[in-house]
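The values are calculated or read from the model by the stated rules, or taken from the named source; none is laboratory data. Source: prediction; values computed, not measured. Backbone-built Cβ (ideal geometry, glycine too); neighbour counts: all protein chains shown.
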Amino acid sequence: MKNDQKSLKENYQLKTRRSMSKGVNVPSHDSVIRVMMMKSGVCTRLASLAPFSLKRQHCNLPLLSLNKSRKLCSHSYKNDQTNVNCYLPPWFSIAPMMDWTDNHYRTLARMITKHAWLYTEMVVAETIVHQKDNLDRFLAFPPEQHPIVLQLGGSNLDNLAKAAKLANAYGYDEINLNCGCPSGKVAGHGCFGVRLMLNPKFVGDAMSAIGANCDAPVSVKCRIGVDDHDSYGELCDFIYTIASQSPTRHFVIHARKALLNGISPAKNRTVPPLKYEYYFGLLRDFPDLQFTMNGGITSIDEVNAARRQGAYGVMVGRAAYNNPWPTLAYVDSSVYGAPGTSISRRQVLEQFQVYSDSVLGQYGPNKPSIRQLVKPLLHLFHSEPGNGLWKRKADAAFHRCETMKSFLEKTLDAIPDSVLDSTPDTNSCCSEDTFADIYGFLPPPYKFREQELLCV
Ligand SMILES: Cc1cc2nc3c(=O)[nH]c(=O)nc-3n(C[C@H](O)[C@H](O)[C@H](O)COP(=O)(O)O)c2cc1C
């Protein structure tokens, strides 16, 4: 898969160079201003609205009253330390991933990065509504996990509204609607997941219903298209309709379309090509909105390369799960400019042991089980000496150990001390410039069709 993504990126850079040599799509004045603004620091939602009024010629979004915004600090890291109720912006976030980004993984991730935004797995609205006497199991999280976003799935307005209301008590920092999942299990259930992209007006209504029932800002996570509905104009119509009908001001864009022809969800994350140029086109055409870029990003160098070109935020999924140490240990220092984490993996495991042994069996026998708690740890030593042996030992230890303490005692001798005790090298520097030529490759600017879109 890595090779697959690498070659996609290489093709992409090659293609970009070709279009540059033909002299197409030179960056617009506005996009240059935007990049400079982004580079200059703070960009809260409200701040992003003000300076761009000159850009209303691009896309005239109605000015909704913006009474909800994320609790963001100014750019200064110092402020973040003195005000526990606000967070640095979502410049880096860890993607929602079913069966992966559960409470245990998020706890581990938070031990490695203090500033990354965490997303829950998708929770189906009906689950929340039907389990309303058992909500902690689905919605509770330790306070250290802030800033954290709840992702909802669903297509029933009433249930989405009720779910948002019930979830509101848990104090999530944002509520996100899944409009990107092509899984048969989800997509087969009528208009749900990525199929919602075919009905932007419904999504606008859903986002209004969610927004009206919670205190947190709301956001949408989507693909860049579905099957043949994959033009840049259709993506813009989708964004425009939702942003103009609901309080949604933040979109997470998985920069590949979804194919609903029966290919597996995993293939749907590798087969359709990545089109980052659509993402950067949205930055240019909707300057009043915030867009997080997602799909195929595998290193912090790439995250920073995207941000240097104006990306507001970058969301990383598989790399953050399959190779958490190099992906997450540099987020605070390299993306946020905060003091780097000086924690070692031995210290992370010590903290994780205390957490695990305190929650084992919390919801009944084996709920959670030692296997569930160990699962997120299994990639902590990816590509390191001793990793193979540690995994074999872990496989045997699942069956015999009843606590995380004994699991670690029986397995950790497979990993050399030099690996366990090393801390992230904060001097590591970025040379990657994957997106350097992106503004030579943008789709033509969006010509929005307000009357047609809003009067249907
Ligand atoms: C195991 C797995 C489960 C996923 N579950 C969800 C989900 O529940 N909701 C969602 O919006 N995306 C889901 N995704 C998609 C990711 O959020 C992300 O968009 C995708 O993996 C592309 O990002 P990446 O290339 O950085 O992994 C899932 C991905 C994986 C690998």
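Do you know which of the residues in region 243-275 that are among the hydroxyl-bearing types (Ser, Thr, Tyr) and within 12 Å of the ligand (Cβ to nearest atom) is surrounded by the fewest Cβ atoms within 10 Å (Cβ to Cβ)?
Filtering region 243-275 down to residues among the hydroxyl-bearing types (Ser, Thr, Tyr) leaves 244, 246, 248, 264, 270.
If we keep only those that are within 12 Å of the ligand (Cβ to nearest atom) as well, we get 264, 270.
Numbers: Ser264: 12, Thr270: 17.
Once the filter is applied, the top-ranked residue is Ser264.
Here region 345-357 is the region considered, the condition is being at pLDDT 95 or above and more than 19 Å from Gly386 (Cβ to Cβ), and the residue that is farthest from the chain's Cα centre (by Cα) is Val354. Of all the numbered requirements in (1) over 30 Å from Ala306 (Cβ atoms); (2) part of a loop (DSSP other than H, G, I, E, B); (3) within 14 Å of the ligand (Cβ to nearest atom), Asn134 misses one, and that requirement is (3). Taken together, Ala305, Ala320, Ala338 contain a single residue that is more than 13 Å from Ala255 (Cβ to Cβ) and more than 16 Å from the ligand (Cβ to nearest atom), which is Ala338.
For (1) over 25 Å from Tyr363 (Cβ atoms); (2) modelled with pLDDT under 95; (3) not acidic (Asp, Glu), each residue gets a yes or a no:
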{"position": "Thr107", "(1), (2), (3)": "no, no, yes"}
{"position": "Trp117", "(1), (2), (3)": "yes, no, yes"}
{"position": "Val129", "(1), (2), (3)": "no, no, yes"}
{"position": "Asn159", "(1), (2), (3)": "no, no, yes"}
{"position": "Lys165", "(1), (2), (3)": "no, no, yes"}
{"position": "Leu177", "(1), (2), (3)": "yes, no, yes"}
{"position": "Cys181", "(1), (2), (3)": "yes, yes, yes"}
{"position": "Asn199", "(1), (2), (3)": "yes, no, yes"}
{"position": "Ala206", "(1), (2), (3)": "yes, no, yes"}
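Kindly establish whether Asp99 is outside any helix (DSSP H, G or I), more than 13 Å from the ligand (Cβ to nearest atom) and either among the charged types (D, E, K, R) or at pLDDT below 95 (or both). So Asp99 fails the test. Of the candidates Ala243, Ala206, the single residue that is within 18 Å of Gly313 (Cβ to Cβ), over 18 Å from the mean Cα position of the chain (by Cα) and not basic (Lys, Arg) is Ala243.
Count of region 386-426 residues, restricted to those that are exposed (fewer than 15 other Cβ atoms within 10 Å of the Cβ), of a type outside the set (Ser, Thr, Tyr) and closer than 30 Å to Ala338 by Cα, is 4. Suppose the filter is surrounded by fewer than 19 Cβ atoms within 10 Å (Cβ to Cβ), on the phi < 0 side of the Ramachandran plot, touching a residue at least 12 places away in the same chain (Cβ under 8 Å) and not hydroxyl-bearing (Ser, Thr, Tyr); does Asn134 pass it? Considered against the rule, which asks whether it is surrounded by fewer than 19 Cβ atoms within 10 Å (Cβ to Cβ), on the phi < 0 side of the Ramachandran plot, touching a residue at least 12 places away in the same chain (Cβ under 8 Å) and not hydroxyl-bearing (Ser, Thr, Tyr), Asn134 comes out as no. Of all residues in region 287-301, those being more than 25 Å from Ala243 (Cβ to Cβ) and more than 10 Å from the ligand (Cβ to nearest atom) number 3.
The number of residues in region 295-342 being part of a helix (DSSP H, G or I) and either free of Cβ contacts under 8 Å to residues at least 24 places away in the same chain or in the same structural domain as Tyr278 (by TED's automatic domain parsing) (or both) comes to 1. Whenever a residue of region 165-178 is of a type in the set (Val, Ile, Thr) and within 16 Å of the ligand (Cβ to nearest atom), its partners that are part of a loop (DSSP other than H, G, I, E, B) and modelled with pLDDT of 95 or more, lying with C-beta atoms within less than 6 angstrom and at least six residues away or across chains, give the pairs Ile175/Cys214; Ile175/Ala216. Gly386 passes every criterion in (1) within 16 Å of the ligand (Cβ to nearest atom); (2) on the phi > 0 side of the Ramachandran plot apart from (1).
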